[in-house]
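First the structure, in the form of structure tokens, and then the observations on it.
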Amino acid sequence: MPGIWTRLACRARRDRTGRLAAAFLLIVGYGVYILWPQALTTEPILYGDPIDDQGWALRLRSGQTLMLDEIQADDPLIVSGDGHTIVYVQDGRVRARDLRDETVHDLADAGRITSLHTSFDGRDVTVSYRDRTLIANLRTGERRTITDICKVYGLSDTVVWGVPGCARHGEEARLLTVRRDGTGAFVGKLTGGLVSPDLRLVASYDIDGVLISEATSGTKIKLIRRENPNIIAWFNDHEVIVETSPYQLVDVRTGDTRPDPALPDEWIPYIAWPGAGNDWLG
């Protein structure tokens with residue numbers, strides 16, 4: 001009997017130890033679950049900024065931060081309008097990554113690229129050079145090339161908004177549309193155009209402020225007078241982010257300006273806003 005009781009006591013101690021260890025691991029795991037960004041499928045990126053010697057930091061709408069140590073801080077990175085896909089340069093290649101399932105697409109050589117852009121939903125990505133633009137569909141794998149477009153400022157399944165002649169003086173301010181069937185049209189002489197998420201409007205720089213035009217015809221809709229018209233990105237279909245400290249939102253319908261607690265409260269030298277794209281020609 002004493003031997004039986006001894007064995008039972010040992011077994012009870014082992015069970016108790018096992019339960020304590022399991023509880024400890026559960027607590028630790030739950031803490032990591034809370035602190036680490038949970039399902040990235042539901043946490044879009046608010047903006048990204050490079051951290052010296054640490055890579056890129058993606059600031060999520062939840063307030064959490066996701067560090068990308070494998071992407072160099074001095075390499076370009078852009079974010080799709082819906083905040084789920086990033087396009088970046090790594091090891092001399094342009095790559096796209098869907099943060100919802102971590103799928104990575106190798107797109108093109110990064111040498112001498114002039115701009116990167118994505119469709120709002122991140123489905124299509126453009127990689128531009130001085131004489132052409134590659135369009136890659138991340139879902140179907142389709143690749144096609146448009147010649148003589150060296151910057152892209154808007155993108156859908158059927159239309160690309162871009163500028164030609166980056167090597168020719170004055171051509172970088174001419175915004176064109178190019179359709180899938182190869183036909184195109186001149187939108188207008190616009191500087192730094194950004195097409196809205198719903199593809200209806202284009203916001204561009206004007207010496208007196210922010211110029212809002214119709215995206216396909218180029219018809220001028222409104223001039224919002226501002227001393228600092230530095231447009232960063234569209235925040236939604238009717239507000240643009242302008243570069244001030246802190247950042248501000250400008251309603252393109254009324255011209256009213258407002259702050260937003262989601263925006264950074266101080267100016268960041270280089271920032272990747274969803275839907276903004278990026279170019280390296282000024």
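The values are calculated or read from the model by the stated rules, or taken from the named source; none is laboratory data. Predicted model only: the values in this text are computed from it and were never measured. For neighbour counting, all protein chains shown are included, and Cβ atoms are generated from backbone atoms with ideal geometry for every residue, glycine included. In case anyone asks, the SASA skips ligands and DNA or RNA and just uses the protein heavy atoms, side chains included. Shrake-Rupley method; radii C 1.70, N 1.55, O 1.52, S 1.80 Å.
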How large is the accessible surface per residue of the stretch 105-195, computed with a 1.4 Å probe and reported in Å² as a whole number? 43
Once phi is turned into θ = phi - 60°, what whole-Hz ³J(HN,Hα) does the Karplus curve with 6.51, -1.76 and 1.60 give for every residue of the stretch 185-197, x standing for Gly and Pro? 8, 8, 8, x, 8, 10, 9, x, x, 10, 7, 5, x
Could you tally the net charge around GLY83, taking each other residue with its Cβ under 12 Å from the Cβ of GLY83, Lys/Arg +1 and Asp/Glu -1? -1
SER217 accessible area, nearest 10 Å², 1.4 Å probe? 60
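Scaled to the compact-protein estimate 2.2 N^0.38 Å, what is the alpha-carbon radius of gyration of the stretch 187-282, rounded to two decimal places?
Rg over 2.2 N^0.38 Å, computed on Cα atoms: 1.00.
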Sorted by mean Cβ packing within 10 Å, highest first, what order do the peptides 136-142, 265-271 take? 136-142, 265-271
Reduced to Cα centres, the span from the stretch 114-177 to the stretch 242-282 in Å works out to 23
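What does the extension gain come out to for ASP69 and ILE51, with contour length at 0.36 nm per residue minus their alpha carbon separation?
5.5 nm
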Order by accessible surface, 1.4 Å probe, largest leading, for residues LYS189, LYS220, LYS151 comes to LYS189, LYS220, LYS151
Which three lengths, in whole Å and largest first, does the stretch 147-212 cover when its Cα atoms are put on their principal axes? 37, 31, 15
At each listed q (0.17, 0.28, 0.29 Å⁻¹), what is the log10 of I(q)/I(0) that the Debye formula gives for the stretch 54-98 modelled as equal alpha-carbon point scatterers? -0.46, -1.14, -1.19
Give a residue-ordered list of calculated ³J(HN,Hα) values for the stretch 250-259 (Karplus: 6.51 cos²θ - 1.76 cosθ + 1.60, θ = phi - 60°; whole Hz; x for Gly, Pro). 10, 7, 6, 7, 10, x, 5, 10, 8, x
Work out how much length ASP256 to ARG61 would gain on full extension: take 0.36 nm times their residue separation and subtract the Cα-Cα distance, in nm to one decimal. 67.8 nm
Gyration tensor verdict on the stretch 47-125 (Cα atoms; rounded if a/c is under 1.5, prolate if a/b is larger than b/c, oblate otherwise): oblate
Under 15 Å from LYS189, Cα to Cα: aspartates and glutamates that are on another chain or at least 8 residues apart: GLU171, GLU172, ASP206, GLU214
Table column - 3J(HN,Hα) (Hz), the stretch 138-148, Karplus curve with 6.51, -1.76, 1.60, x for Gly and Pro: 6, 8, 9, x, 5, 10, 9, 10, 10, 7, 6
